Amino acid sequence: MNKPGKFSLIAVSLLAACTVVSHDNATDTLPLLEKTSAPLVVPPSQPEIVVPVEEEIEVLPVALPLSSESLKKTSLEKKERVANYVAQGTASWYGFAAHGTKTASGQIYDLYGMTAAHASLPLLAQVKVKNIRTGKSVVVTINDRFDEEPFLIKLSYWAARRLGLDENPLQAVEVRGQ
Amino acid sequence: MKHYQVYIQFALLFFCSFNVTAEVVSQETFIDRMVEEHAFDKSDLTQLLNKAKVKKSILKAMSRPAGKAKPWYEYRLIFIKDKRINGGVNFWKENVKALKRAKATYGVPPEIIVAIIGVETLYGKNKGNFRVIDALKTLAFHYPRRADFFRSELEHYLLLTREEKLNPLAQKGSYAGAMGIGQFMPSSFRRYAVDFDGDGKRNIWTNNVDAIGSVANYFHRFGWETGQPVIKATQVETKAVEKLLSLAFEPQYTLQQLKQMGLRYQGDEADNTPSMFIDLETKIGTAYWVGFKNYYVITRYNHSKHYAMAVFQLAEEIANRYEQTR
């Protein structure tokens, strides 16, 4: 019988399991990007932005984060609508250490969640974030606050990966209200 | 190379057979019991089981290393991908009425039911092509490690085909005998399958409505808590990890007890909420979660922490995308 083989296999898998990559907060290690000349916020009158007539247009920015107390009273099912918001810039994303910490909305940050932090968009608003270069897009829920020049938005780890930003952190993104 | 693989598989089989002392019962003894306990006709049943085939490919598939050998971040990629997410959105749209009714009847949200069916059979596309009778005969009489389990499943299968008036030689399933759109084992079929469209048949093979109702009923009967969380990310004191991981894989502790052991959960759930501690290998390190009753209920479908997390995350992705397309 090949018991030694079995044990060495176990040893190898244990070794593999112990290899934990130490990870700094990704936002700290990203080089700063020069500001682009393009306007960060596209005015709502621009032709490609379609605002459905029946929808109320939110006045932006809604700056104050809701306390988690007041959020608990509102249903999380009810999504804020920010259909007239469009902006371009670069994104950062949460570091590994943030997994399991409380966001401004009261929700717990999960590295596999499709969430993001933004300076002013209402909490629980949904936005589509598109990698302008590749065309890949994800829909994330704004559940946290963040204001870190020069970044427009701070994405969850998995949202950033889905956009390919882990490979190309400087690719510009478009954030569009839903 | 081929030889080597076969050797290893046999070695594994051999090795495993020492782990559990299963009662190996011959086909003849099994038939006698079925005659005695359930009034089967001896010559009919003998004929039937002689028509079933022992499949080497089934024994081989059973001895293959399980999916849990893969780290989570690799396991995850198998299930959380566009094809399965979009397939889930389509399945949801095609079965929206049945899913709504399942939610109303059993309290289980559509995305969870859809995700289970997506993980199990890619929405009915991969239901398995083995004859159930072949799979169960093979494993009941030629797979000592779990002979007890599969002999019992064979018994349930013979009873259910009699009860449902199905041809026992005709039903298809996985190499382990799991049947239909939701991959129910025969014992689960008899306990939890429902005729959800009221046509008098529990057809989990080709009827999406029955399959949806059956999955929802399964979750309901195992205690799904409507509107309650499944699993949440958590922080933890490094020195507490080993202790927390040594606990039973069941929500048999309260959040407060886990916190006293060093869990640093920041969510708002009450301190008396039954909870369990879960670790998963991500590509950037080991991350931790707190699983609640509903997470445990998912593991009743398949006893693997990876499976339950894949179902939950697929459900989230499907719900997110379904909402976008409405």
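The values are calculated or read from the model by the stated rules, or taken from the named source; none is laboratory data. Just so you know, these numbers come straight off a predicted model, no measurement behind them. Note that we place each Cβ from the backbone using ideal geometry, even for glycine, and neighbour counts take in every protein chain shown. Each accessible area value is taken on the protein alone, full model and side chains, heavy atoms only, with ligands, DNA and RNA left out. Shrake-Rupley method; radii C 1.70, N 1.55, O 1.52, S 1.80 Å.
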The condition from (1) at pLDDT below 95; (2) open to solvent by 20 Å² or more (accessible area, probe 1.4 Å); (3) closer than 30 Å to B:Leu136 by Cα; (4) not charged (D, E, K, R) that B:Ala61 misses is numbered (2)
The lone condition B:Lys100 fails out of (1) surrounded by fewer than 21 Cβ atoms within 10 Å (Cβ to Cβ); (2) out of contact with any Pro (no Cβ under 9 Å at 6 or more places or on another chain); (3) over 23 Å from B:Met309 (Cβ atoms) is (2)
Taking first residues from segment B:230-253 that are under 15 Å from B:Lys305 (Cβ atoms) and within 11 Å of chain A (Cβ to nearest Cβ) and second residues anywhere that are open to solvent by 50 Å² or more (accessible area, probe 1.4 Å) and not charged (D, E, K, R), the pairs with Cβ under 6 Å that are 6 or more apart or on different chains are none
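Tell me, which helices (runs of 4 or more DSSP H) wholly within segment B:214-326 include 3 or more residues that are open to solvent by 60 Å² or more (accessible area, probe 1.4 Å)? Working first, answer last.
Working: elements: B:241-245, B:255-260, B:293-299, B:305-325.
Helices (runs of 4 or more DSSP H) meeting the threshold: B:241-245, B:255-260, B:305-325.
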Does segment B:89-96 include one or more residues that are farther than 23 Å from B:Asp199 by Cα, open to solvent by less than 30 Å² (accessible area, probe 1.4 Å) and part of a helix (DSSP H, G or I)? yes
- Task: Examine segment A:89-112 for a residue that is surrounded by fewer than 18 Cβ atoms within 10 Å (Cβ to Cβ) and more than 14 Å from every other protein chain (Cβ to nearest Cβ), and state whether such a residue exists.
- Result: no
With the first residue restricted to segment B:41-59 and required to be in contact (Cβ under 8 Å) with a residue 40 or more places away in the chain, and the second required to be among the hydroxyl-bearing types (Ser, Thr, Tyr), Cβ contacts under 6 Å at 6 or more apart or on different chains are B:Val54/B:Thr138; B:Lys55/B:Thr138; B:Ile58/B:Thr138; B:Ile58/B:Tyr175
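Determine whether segment B:38-58 contains at least one residue that is of a type in the set (A, V, I, L, M, F, W, C), under 30 Å from B:Ala308 (Cβ atoms) and at pLDDT below 90. Outline the logic, then answer.
To start, the set of residues in segment B:38-58 that are of a type in the set (A, V, I, L, M, F, W, C) comprises B:39-40, B:45, B:48-49, B:52, B:54, B:58.
Retained after the next criterion (residues that are under 30 Å from B:Ala308 (Cβ atoms)): B:58.
If we keep only those that are at pLDDT below 90 too, we end up with none.
No: segment B:38-58 contains no residue that is of a type in the set (A, V, I, L, M, F, W, C), under 30 Å from B:Ala308 (Cβ atoms) and at pLDDT below 90.
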Scanning segment A:125-134 for residues that are away from chain B (no Cβ under 13 Å), more than 12 Å from A:Arg162 (Cβ to Cβ) and open to solvent by less than 20 Å² (accessible area, probe 1.4 Å) gives A:Ala125
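Kindly check whether there is at least one residue in segment B:161-176 that is assigned to a loop (DSSP other than H, G, I, E, B), within 26 Å of B:Asp82 (Cα to Cα) and in the same structural domain as B:Asp44 (by TED's automatic domain parsing).
Step one: list which residues in segment B:161-176 are assigned to a loop (DSSP other than H, G, I, E, B), which gives B:164-171, B:174-176.
Those left that are additionally within 26 Å of B:Asp82 (Cα to Cα): B:174.
Now narrow it down to the ones that are in the same structural domain as B:Asp44 (by TED's automatic domain parsing): B:174.
Yes.
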Residue hits (segment B:198-224; free of Cβ contacts under 8 Å to residues at least 60 places away in the same chain and either touching a strand residue (DSSP E or B) at 6+ places or on another chain (Cβ under 6 Å) or of a type in the set (A, V, I, L, M) (or both)) are B:Ile204
Within segment B:22-54, the residues that are among the hydrophobic types (A, V, I, L, M, F, W, C), more than 26 Å from the chain's Cα centre (by Cα) and open to solvent by 60 Å² or more (accessible area, probe 1.4 Å) are B:Ala39
The residue that is nearest to the chain's Cα centre (by Cα), considering only those in segment B:172-187 that are surrounded by fewer than 21 Cβ atoms within 10 Å (Cβ to Cβ) and under 19 Å from B:Leu159 (Cβ atoms), is B:Ser187
Looking only at segment B:280-288, decide whether some residue is more than 13 Å from the chain's Cα centre (by Cα), of a type in the set (Asp, Glu) and under 23 Å from B:Gln260 (Cα atoms).
no
Checking the structure you have, find out if any residue of segment B:122-132 is among the hydrophobic types (A, V, I, L, M, F, W, C), buried (at least 23 other Cβ atoms within 10 Å of the Cβ) and under 12 Å from B:Val215 (Cβ atoms).
no
